[in-house]
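Asker: Before we start, here is the structure in question, set down as structure tokens.
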Amino acid sequence: MDKIKVLFICVHNSARSQMAEVFLNKYGGKHFVAESAGLEPGKLNPIVVDAMKEIGIDISSNKTKSVFDFYKEGRMFNYAITVCDESNAERCPIFPGVTERLHWSFKDPSALTGSYEDKLAGVRIIRDQIKDRIQEWLKEFAINSIGA
């Protein structure tokens, strides 16, 4: 059986889509293969890297990728899931062969304000929301917490 291919898309591919990719590959890896990309790839958010390290996941060597490069390469995905806000989700391209396009809105970690600790606390909430959403989605496939 071929794995279900999922592309997570956000603005900079620096936080939300990176976390979603890691969680889907971790919990649904036997049945899914996830990638992530951004509309305007930026730099990996260091606070997100720290928040993921807290739960034993090192994304510090991840690179940000362009959704438009994937599109130009003719990459095929079963699902394209935007994890940015509605206005940016509308800018995401339509991928050929996508059987379903979903939108899961999560707050942008780069928009958090305050001290490092304040921002880290906010990222923890977003991280856990993304993890929970991935696990709920997997339940729809009767694939709850299956490791890679």
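Asker: Taking amide H atoms as placed 1.01 Å from N in the peptide plane, list the residues 5 or more away in sequence, or in a different chain, whose amide H sits under 5 Å from that of PHE8.
Answerer: GLU35, SER36, ALA37, ILE81
Asker: Kyte-Doolittle cut-off -0.5, length cut-off 18 Å along the helix's own axis using Cα: show which whole DSSP H helices in the chain pass. Working shown, then result.
Answerer: On the way: long enough: 116-140 (36 Å, -0.97).
Membrane-span-like by this criterion, though nothing is claimed about a membrane: none.
Asker: What's the longest bit of the chain with no exposed GluC sites (Glu not before Pro), using DSSP loop states and at most 14 other Cβ atoms within 10 Å as the test?
Answerer: 1-72
Asker: Can you give the direction-averaged projected area of the convex hull of the alpha-carbon atoms in the chain, in nm²?
Answerer: About 8.4 nm², averaged over all directions.
Asker: If I take every Cα pair under 8 Å that is 6 or more residues apart in the chain, average their sequence separation and divide by the length, what percent do I get for the relative contact order?
Answerer: Relative contact order comes out at 30 percent.
Asker: Now for a separate question. Report the trypsin sites (Lys or Arg not before Pro) located in segment 5-74 that are in a DSSP loop and have at most 14 other Cβ atoms inside 10 Å of their Cβ, or state none.
Answerer: Those that pass, being in a loop and sparsely packed, are LYS30, LYS43, LYS63.
A short reminder: the numbers here are calculations on the coordinates, not readings from a lab. What you are looking at is a predicted structure, and each value in this text was computed from that prediction instead of being measured. Cβ: placed from backbone, ideal geometry, glycine included. Neighbour counts: every protein chain shown.
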